[in-house]
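These notes concern the structure reproduced below.
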Amino acid sequence: MNILHISAECYPAAKVGGLGDVVGSLPKYLNQLDHSCDVVIPKYETPWLNRQKYEHIYESEIEMAGISVSFQILKVINDELGYDLYAVNIPGKFDRPGVYIDPWTGHAYWDEFERFVSFQIIVLEWLKESEDRPDIIHCHDHHTGLIPFMLSQCNRYREMSDIPNVITVHNAEYQGWAGLDRYVLLPAFSMRNIGLLDWNGQLNSLAAGLKCAWAISTVSESYMEELCIESNGLEQLFRDEFEKSFGIVNGIDADIWDPATDTLLDHNYSFRNRKKGKKENKKQICDEFGLNPELPTISFIGRLVREKGADLLPDLFRNYLYSEKEVNFILLGTGDPQLHEIFTNMEHDHMGYFDATLEYNEQLAHKIYAGSDFILMPSRVEPCGLNQMFAMRYGTIPIVRSVGGLKDTVKDISREEGYGITFQEFNLPDAAEAIERAVDMYYDEKRMSSMITKVMKLDFSWRSSAKKYISMYNKIKSEN
């Protein structure tokens, strides 16, 4: 099959979160299963995209609400990705330093909706003129949610309406809202069907994608079920479309996330010398942050936002920093400015026990995964989660709230064959008890060693997940 992935992110070209990791890895593994996968994203002004060389593929212009928008389709000349990557160059729309956020203001770009509408229309214009159309169009999140609608409803793309398409929901918190009057940006369609764009009186890109796509996938089975109960207003729609939904747990790129070959580590190690390797990496990261490597070291890596449970962290950390029990806490991430201020003050107040690096730093993330004893994920919402899988690949034990994909990928040590520490409710007492259990396990050397052995033997690579995607593609092709 020829499969085209359309996304706002793709690692290493443009990444903000897990969406970028998935779109940067899944196509490679699908290609390894003898399929043909390509990826198309906007051409941002990211450092990686700016360093690449390009082949000019196609050039034209579209009209949006009477305004002409020119564009180019560029193919990245890079043999190391494992798939062909195309970048849509739209002057004035995406040639900016941030993916979603203006780094100068810290706020989302004012024209985000128009930017991504133009991207989606342009991809369809390119496909319309292409002689080699995909067998499957795979859309990712609300940034591409209008594509299934346009394929089925817009007169201009009627000839491509028979191409099976699927939308993957990575995070239903973000839905691509706009005033319903913004439908004028789209190519002509029958106004009798404007209800497909409407959800609670607004144009909702994700809702349109859920209604019009041939299939819906979510990034874990538990998240698929949770969306029917809590999905920021789309609960009934997820229930209505449940029969065409598939829950497939994300994988990780085992080639990139491998402590034996990771070029971002100064001390590589494998399963065979895991004890020595973990010790060397822990000493390095603790020395860098002025921490005691003899203490249990618990890290948080991620966006400092509500859905990740970041607002629980200050009190959770203080619970130990003011106690007699000594624990190292390391934090890497960026997000809520108020949390930035809190963590900066905590770093000064608890020097030698707490360090906060308030930035996005891919290399440091790899070093923290390798050097920590535990990774902490107290999420309110976690569609799948990749950090717990990255951590376990490096022999680091996850402490997670049992929600979404965390529930599907981490089994508590109290269960048979368990290998992580979980807690149920999003509150300080439950999270604190989980950390207490982790600290107790740390000082039980035999048990700690056994857990490291277990997690490093687990296989969370994309191999099995990619096969499930192929099964989904075949199912929607055969049934429609």
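Values in this text are rule-based calculations from the coordinates and carry no lab data. Bear in mind the structure is a predicted one, so any value in this text is a computation, not a measurement. No Cβ is skipped: glycine too gets one built from the backbone with ideal geometry, and neighbour counts run over all protein chains shown.
Do the sum for the chain: with -39,500 (n - 2.57) for every DSSP H run of n ≥ 4, divided by all residues, what is the mean residue ellipticity at 222 nm, to the nearest 500 deg cm²/dmol?
My calculation for the chain gives -11000 deg cm²/dmol from helical runs alone.
Apply the Karplus parameterisation 6.51 cos²θ - 1.76 cosθ + 1.60, with θ equal to phi minus 60°, to every residue of the range 377-388 and state each ³J(HN,Hα) to the nearest whole Hz, in sequence, with x for glycine and proline.
My calculation for the range 377-388 gives 9, x, 4, 6, 10, 8, x, 9, x, 10, 4, 5 Hz in order.
Counting other Cβ atoms within 10 Å, which chymotrypsin sites (Phe, Trp or Tyr not before Pro) in the range 89-148 have at most 10 and lie in a DSSP loop?
TRP104, TRP110
So how do 375-388, 426-439 stack up, highest first, on mean other-Cβ count within 10 Å? Walk me through the intermediate numbers first.
Numbers: 375-388: 25.8, 426-439: 16.9.
In decreasing order of mean packing, 375-388, 426-439 become 375-388, 426-439.
If the cut-off is a Cα-Cα distance under 18 Å, which lysines reach LYS53, setting aside same-chain residues fewer than 8 apart in sequence?
Of all the lysines, those that pass the test against LYS53 - Cα under 18 Å, at least 8 places apart if same chain - are LYS43, LYS75.
Along the Cα→Cβ direction, 7 angstrom out, place labels at ASP34 and ASP459. What is the inter-label distance in nm?
Taking the two extended label points, one gets 1.9 nm.
With the Cα gyration tensor of the range 274-459 giving a ≥ b ≥ c as the square roots of its eigenvalues, does the rule (a/c under 1.5 for rounded; else a/b larger than b/c for prolate; else oblate) give rounded, prolate or oblate? Mind showing how you got there, number by number?
On the way: a/c = 1.39, a/b = 1.14, b/c = 1.22.
Cα axes put the range 274-459 in the rounded bin.
Would you grab the residues whose amide H sits under 5 Å from the one on LEU331? Only those 5+ places off in sequence or on another chain, please, with H modelled 1.01 Å from N.
Residues meeting the amide H criterion: PHE300, ASP355, ALA356, THR357.
Starting from the amide H of MET377, placed 1.01 Å from N in the peptide plane, find each other amide H under 5 Å away whose residue is 5 or more places distant or on another chain.
ILE399, VAL400, ARG401
If I take every Cα pair under 8 Å that is 6 or more residues apart in the chain, average their sequence separation and divide by the length, what percent do I get for the relative contact order? Write out the running numbers ahead of the final one.
Numbers: 929 pairs, mean separation 56.8, N = 480.
Normalised by residue count, the contact order of the chain is 12 percent.
Apply the Karplus curve 6.51 cos²θ - 1.76 cosθ + 1.60, θ = phi - 60°, to the phi angles in the range 405-411 and return the couplings in whole Hz, x for Gly and Pro.
After applying 6.51 cos²θ - 1.76 cosθ + 1.60, I find x, 5, 5, 7, 10, 10, 9 Hz.
Placing +1 at every Lys and Arg Cβ and -1 at every Asp and Glu Cβ, with all other atoms neutral, what dipole size does the chain have around its Cα centre, in debye to the nearest 20?
Approximately 960 debye in magnitude.
Pull out the extension gain between PHE242 and TRP104, defined as 0.36 nm times the separation in residues minus the alpha carbon to alpha carbon distance; nm, one decimal.
45.6 nm
Taking the Cα atoms only, what angle lies between the long axis of helix 362-371 and the longest principal axis of the chain, rounded to 10 degrees?
It is inclined by approximately 40 degrees.
For ASP181 paired with LYS279, estimate the spin-label separation in nm (one decimal), with each label point 7 Å from Cα along the Cα-to-Cβ line.
A separation of 7.0 nm, rounded to one decimal place.
Any idea how far the Cα center of the range 256-277 sits from the one of the range 211-231, in Å?
36 Å
Students often forget the sequence filter, so: which lysines lie under 24 Å Cα-Cα from LYS475 once same-chain residues fewer than 8 apart are removed?
LYS28, LYS211, LYS244, LYS467
Which distance in Å, rounded to a whole number, links the C-alpha centroids of the range 395-444 and the range 309-327?
Between the Cα centres of the range 395-444 and the range 309-327 lies a distance of 16 Å.
Go through the range 35-52 residue by residue and turn each phi into a ³J(HN,Hα) via Karplus (6.51, -1.76, 1.60, θ = phi - 60°); whole Hz please, and just put x for glycine and proline.
10, 10, 10, 10, 10, 10, 9, x, 8, 7, 8, 8, x, 5, 5, 5, 7, 7
Taking the Cα centre of the range 356-435 as origin, work out the dipole magnitude from +1 charges on Lys and Arg Cβ and -1 charges on Asp and Glu Cβ, in debye rounded to 20.
Approximately 140 debye in magnitude.
Answer rounded, prolate or oblate for the chain, using the Cα gyration tensor with square roots of eigenvalues a ≥ b ≥ c: rounded when a/c is under 1.5, else prolate when a/b is larger than b/c, else oblate. Can you show the working numbers first?
Details: a/c = 1.80, a/b = 1.78, b/c = 1.01.
In terms of gyration-tensor shape, prolate.
If the cut-off is 23 Å between C-alpha atoms, which lysines fall inside it for LYS367, apart from same-chain ones fewer than 8 positions away?
LYS15, LYS275, LYS276, LYS278, LYS279, LYS282, LYS283, LYS308, LYS454, LYS457
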